[in-house]
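Trainee: Dropping a structure here in structure tokens format, bear with me for questions.
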Amino acid sequence: MKIYIAKDAGYCFGVRDAVNLAYDTAKKHKSVYMLGDIVHNEKVVEDLEKVGTKVVSDLSEIPKDKPILFRAHGTTTDVWDKAKKENRNIIDATCPLVHDIHEEVRKLEKEGRRIIIIGDHGHDEVTGIASQVKKPIIISNIEEAQNYRGIKKAGVVSQSTQSIENVQEIINILMTKVYDLNFINTICYPTKRNQEQIKELAKKCDIMLIIGSFTSANSKRLTMLSKIINNNTYQVTSKKDLNKNWFVDVKSVGISAGASTPDYLIEEVKNEIKEYNND
């Protein structure tokens, strides 16, 4: 049984940098606080808790002498403003590409455009982007796009981990509803690469595994993308979710992982599958 691992499976550079910054900050200050999980992966959160990171829901829960780490997904403007006003020690772990999206929507709004965000309702990144402008419109799928009444002048961005296909379909609909539409393609490069690699692996492998938390929107999106091409696609959080029966008479396995999945989980899944060859 051959095992193929997508070249860009797992941590993107934004998540890797954010997690490393959390470790470094915890080591330096003995503890660091975060408003919510640093990324959408339970194992990463558990690992960080062991070195002193603490997850809270409000600034008021953080001692004034302790640093606060703003997560990879981005943080709303009201939280930023409050933390600055209180002279908090802010450690900014926001992905640079997310910061770029914030800048783009502010520019588009200055042009007099109503902002449309293609993304998942309630997702941390989308909430952060939406907070940059007044009265943004969030569209997550083609049904919502079709129900959108339309306006004369709009600026459109997307959540960085959206699927290319979903964004293209929504843009095609919006083009029929908006007279002056300026679309900035803000799907990040790691997402694009990972999606393309999954499409190739799904065609040539008997079975596909996507490693990632079920709280991770991008992991679930990668699973859906793979399943369209290869029905023998399974999402797992770690090696404990593997089912040996999946691999009966299987000659090739393709593995990829969401952007918040650490390398060691990918390695553990690969090694577990190797053991099936020896049974």
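Trainee: For the range 103-122, state whether one or more residues are open to solvent by 30 Å² or more (accessible area, probe 1.4 Å), in a helix (DSSP H, G or I) and either within 19 Å of residue 225 (Cα to Cα) or among the β-branched types (Val, Ile, Thr) (or both).
Mentor: no
Trainee: May I pose another question? Can you tell me which residue is least open to solvent (accessible area, probe 1.4 Å) among those in the range 223-258 that are over 25 Å from residue 13 (Cβ atoms) and touching a Ser or Thr at 6+ places or on another chain (Cβ under 7 Å)?
Mentor: 233
Trainee: Given (1) buried (at least 21 other Cβ atoms within 10 Å of the Cβ); (2) farther than 29 Å from residue 72 by Cα; (3) among the hydrophobic types (A, V, I, L, M, F, W, C), identify the lone condition not met by residue 266.
Mentor: Condition (2) is where residue 266 drops out.
Trainee: Give the range 164-185 a look and list any residue that's closer than 11 Å to residue 141 by Cα and crowded, with 20+ Cβ neighbours inside 10 Å, or say none.
Mentor: 166, 167, 170
Rundown of residues vs (1) touching a Cys at 6+ places or on another chain (Cβ under 6 Å); (2) among the acidic types (Asp, Glu); (3) at positive phi, yes/no style:
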{"residue": "34", "(1), (2), (3)": "no, no, no"}
{"residue": "37", "(1), (2), (3)": "no, yes, no"}
{"residue": "71", "(1), (2), (3)": "no, no, no"}
{"residue": "74", "(1), (2), (3)": "no, no, yes"}
{"residue": "87", "(1), (2), (3)": "no, no, yes"}
{"residue": "93", "(1), (2), (3)": "no, no, no"}
{"residue": "101", "(1), (2), (3)": "no, no, no"}
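Trainee: Looking at the structure I just gave you, is residue 14 under 18 Å from residue 128 (Cα atoms), in contact with a Pro (Cβ under 8 Å, 6 or more places away or on another chain) and not aromatic (Phe, Trp, Tyr)?
Mentor: It is true that residue 14 is under 18 Å from residue 128 (Cα atoms), in contact with a Pro (Cβ under 8 Å, 6 or more places away or on another chain) and not aromatic (Phe, Trp, Tyr).
Trainee: Can you name the helices (runs of 4 or more DSSP H) wholly within the range 144-261 that have at least 3 residues being closer than 24 Å to residue 103 by Cα and modelled with pLDDT of 95 or more?
Mentor: 164-174
Trainee: Looking at (1) among the hydroxyl-bearing types (Ser, Thr, Tyr); (2) open to solvent by less than 20 Å² (accessible area, probe 1.4 Å); (3) more than 23 Å from the chain's Cα centre (by Cα), which is the only condition residue 261 fails?
Mentor: The single condition residue 261 does not satisfy is (3).
Trainee: While we're looking at this one, here's another question. For the list (1) in contact (Cβ under 8 Å) with a residue 12 or more places away in the chain; (2) in contact with a strand residue (DSSP E or B) (Cβ under 9 Å, 6 or more places away or on another chain); (3) outside any loop (DSSP other than H, G, I, E, B), I need the number of the one condition that residue 132 fails.
Mentor: Of the numbered conditions (1) in contact (Cβ under 8 Å) with a residue 12 or more places away in the chain; (2) in contact with a strand residue (DSSP E or B) (Cβ under 9 Å, 6 or more places away or on another chain); (3) outside any loop (DSSP other than H, G, I, E, B), the odd one out for residue 132 is (3).
Trainee: Can you name the number of the only condition in (1) acidic (Asp, Glu); (2) open to solvent by less than 60 Å² (accessible area, probe 1.4 Å); (3) free of Cβ contacts under 8 Å to residues at least 60 places away in the same chain; (4) part of a loop (DSSP other than H, G, I, E, B) that residue 125 fails?
Mentor: That leaves (4) as the condition not met.
Trainee: Only one of 123, 102, 73 is under 18 Å from residue 36 (Cβ atoms), under 22 Å from the mean Cα position of the chain (by Cα), at pLDDT 95 or above and not small (Gly, Ala, Ser). Can you tell me which?
Mentor: It is 102.
Trainee: Please specify each residue of the range 30-44 satisfying the condition of being open to solvent by 10 Å² or more (accessible area, probe 1.4 Å), within 21 Å of residue 90 (Cα to Cα) and modelled with pLDDT of 90 or more.
Mentor: 33, the sole residue that qualifies.
Trainee: Quick one: would you say residue 60 is free of Cβ contacts under 8 Å to residues at least 24 places away in the same chain and more than 20 Å from residue 10 (Cβ to Cβ)?
Mentor: Considered against the rule, which asks whether it is free of Cβ contacts under 8 Å to residues at least 24 places away in the same chain and more than 20 Å from residue 10 (Cβ to Cβ), residue 60 comes out as yes.
Trainee: Please enumerate the residues belonging to the range 205-221 that are open to solvent by 10 Å² or more (accessible area, probe 1.4 Å) and within 7 Å of residue 258 (Cα to Cα).
Mentor: 218
Trainee: Separate question: Of all residues in the range 1-28, count the ones that are in contact (Cβ under 8 Å) with a residue 60 or more places away in the chain and either assigned to a loop (DSSP other than H, G, I, E, B) or open to solvent by 60 Å² or more (accessible area, probe 1.4 Å) (or both).
Mentor: Matching residues across the range 1-28 total 13.
The values are calculated or read from the model by the stated rules, or taken from the named source; none is laboratory data. On a predicted model such as this, the values are computed, not experimentally measured, just so you know. A quick note on method: Cβ atoms are made from the backbone with ideal geometry, for glycine too, and the neighbour counts reach across all protein chains shown. Calculation scope for accessible area: heavy atoms of the full protein, side chains included, ligands and nucleic acids excluded. Shrake-Rupley method; radii C 1.70, N 1.55, O 1.52, S 1.80 Å.
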